[in-house]
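Each remark here refers to the structure printed beneath this line.
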């Protein structure tokens with residue numbers, strides 16, 4: 001089997017065809033799944049608020065539940081681990097088919113955030129560029145006849161990691177006519193044209209962004225995590241939407257009769273022009289663009305900040321952690337700057353010394369925290385960077 005970092009994968013497989021790839025050094029933190037999935041349950045019960053990217057969906061006997069079935073979700077009060085969770089639901093279902101999908105794992109769990117970023121960096125190094133869309137991880141658990149949506153396209157390049165086998169993914173290239181949307185038993189007509197991907201723990205199942213696919217796991221409860229590289233990035237559109245929201249799109253109730261010759265802008269247009277000038281001159285648009293770019297790029301395009309759980313102390317000596325993302329942007333006016341670390345973003349006044357200190361960190365330098373003045377800007381910034389998971393004890397110190 002090919003490795004995801006091999007030249008053959010890049011030149012012959014990526015965005016061209018499905019493949020079963022060899023596992024690599026970057027593996028999903030399966031042991032963290034209980035804590036991760038518990039965040040979805042807490043959100044469903046109103047005990048916490050999950051980001052917009054995080055969502056859970058329950059399907060029973062091929063029908064999606066209108067409301068989220070919290071009894072189908074991992075519950076730490078009932079489930080000691082993933083095995084007991086699966087056994088509980090299997091007993092409850094008494095032979096019925098079921099599956100629960102958890103979308104947006106990096107938005108709620110730091111270990112899955114770290115895994116997604118590390119794998120995204122691995123793929124980017126192999127390709128020589130980053131795919132343009134966002135990166136995310138979904139988790140699928142259940143015993144089900146077929147994906148309830150039928151044969152569909154994700155518009156994302158998918159790498160599927162398996163913790164429990166049983167699932168087979170039927171895939172078709174986009175050139176196969178008529179398979180789109182086909183459900184059971186209709187898609188059986190196209191089965192002989194499909195390429196099945198086995199989801200097994202000893203391999204990574206890959207399929208390109210435009211591949212039609214449907215999953216089957218009728219005999220065993222399978223547990224899979226899909227890392228997706230989405231085809232498009234909507235961040236630019238979000239900035240445009242913010243500008244559009246600031247403008248008045250309604251025309252006048254009454255308009256002048258008008259005469260030939262010179263004219264002036266309508267009141268509404270003049271107001272919008274002044275609003276645009278203000279948004280640009282006061283730096284609003286620049287700030288929106290910088291914040292969007294830093295959140296996206298310092299997270300390797302996960303687009304969500306690394307989750308923070310509990311207080312994080314600052315070690316006596318710190319350096320940039322190996323997998324961390326740290327970037328900054330200086331405004332055109334040089335009045336302010338913006339710092340991005342692992343998807344977190346903060347704005348502050350422009351500080352030349354701070355820029356030099358940050359550049360030293362990126363170049364592999366360390367900082368003796370105790371030697372900093374009590375009012376040093378760098379000290380306050382390091383506190384935030386430690387909380388964001390960007391800096392920590394140097395490798396040789398951490399291992400002692």
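The values are calculated or read from the model by the stated rules, or taken from the named source; none is laboratory data. Everything numeric in this text was worked out from a predicted model, so none of it was measured. Glycine gets a Cβ as well: all are built from the backbone with ideal geometry, and neighbour counts include every protein chain shown.
A residue that is surrounded by fewer than 18 Cβ atoms within 10 Å (Cβ to Cβ), on the phi > 0 side of the Ramachandran plot and out of contact with any helix residue (DSSP H, G or I) (no Cβ under 9 Å at 6 or more places or on another chain) can be found somewhere in segment 358-374. Taken over segment 25-56, the criterion of being part of a loop (DSSP other than H, G, I, E, B), buried (at least 16 other Cβ atoms within 10 Å of the Cβ) and at pLDDT 95 or above is satisfied by 26, 28, 29.
Only one of the numbered conditions (1) assigned to a helix (DSSP H, G or I); (2) touching a strand residue (DSSP E or B) at 6+ places or on another chain (Cβ under 9 Å); (3) loosely packed, with under 13 Cβ neighbours inside 10 Å is violated by residue 355, and that is (3). Condition first: out of contact with any helix residue (DSSP H, G or I) (no Cβ under 8 Å at 6 or more places or on another chain) and either surrounded by fewer than 16 Cβ atoms within 10 Å (Cβ to Cβ) or part of a strand (DSSP E or B) (or both). Now tell me which residues in segment 129-139 satisfy that. Residues satisfying the conditions are 129, 132. Residues in segment 166-177 that are crowded, with 17+ Cβ neighbours inside 10 Å and assigned to a loop (DSSP other than H, G, I, E, B): 166, 167, 173.
Scanning segment 308-321 for any residue that is in contact (Cβ under 8 Å) with a residue 12 or more places away in the chain and closer than 19 Å to residue 292 by Cα turns up nothing.
For segment 51-68, a tally of residues being over 23 Å from residue 30 (Cβ atoms), in contact with a strand residue (DSSP E or B) (Cβ under 9 Å, 6 or more places away or on another chain) and in contact (Cβ under 8 Å) with a residue 24 or more places away in the chain returns 5.
Within the bounds of segment 95-115, is there any residue that is touching a residue at least 12 places away in the same chain (Cβ under 8 Å), over 21 Å from residue 55 (Cα atoms) and touching a helix residue (DSSP H, G or I) at 6+ places or on another chain (Cβ under 6 Å)? Looking through segment 95-115, none of the residues is touching a residue at least 12 places away in the same chain (Cβ under 8 Å), over 21 Å from residue 55 (Cα atoms) and touching a helix residue (DSSP H, G or I) at 6+ places or on another chain (Cβ under 6 Å). Listed here are the helices (runs of 4 or more DSSP H) enclosed by segment 230-305 that have at least 2 residues being in contact (Cβ under 8 Å) with a residue 60 or more places away in the chain and within 17 Å of residue 338 (Cα to Cα): 284-297. Looking at (1) assigned by TED's automatic domain parsing to the domain that holds residue 208; (2) in contact (Cβ under 8 Å) with a residue 60 or more places away in the chain; (3) surrounded by fewer than 15 Cβ atoms within 10 Å (Cβ to Cβ), which is the only condition residue 80 fails? Against the list (1) assigned by TED's automatic domain parsing to the domain that holds residue 208; (2) in contact (Cβ under 8 Å) with a residue 60 or more places away in the chain; (3) surrounded by fewer than 15 Cβ atoms within 10 Å (Cβ to Cβ), residue 80 comes up short only on (2).
Check whether at least one residue in segment 264-284 is under 16 Å from residue 335 (Cα atoms), in contact with a strand residue (DSSP E or B) (Cβ under 6 Å, 6 or more places away or on another chain) and not assigned by TED's automatic domain parsing to the domain that holds residue 321, and report yes or no. The answer is no, given that none of the residues of segment 264-284 is under 16 Å from residue 335 (Cα atoms), in contact with a strand residue (DSSP E or B) (Cβ under 6 Å, 6 or more places away or on another chain) and not assigned by TED's automatic domain parsing to the domain that holds residue 321. Of all residues in segment 11-22 being more than 18 Å from residue 175 (Cβ to Cβ) and surrounded by fewer than 16 Cβ atoms within 10 Å (Cβ to Cβ), which is farthest from the chain's Cα centre (by Cα)? Only one residue fits best here, namely 11.
Scanning segment 178-207 for residues that are under 24 Å from the mean Cα position of the chain (by Cα), surrounded by fewer than 23 Cβ atoms within 10 Å (Cβ to Cβ) and in a loop (DSSP other than H, G, I, E, B) turns up 200, 201.
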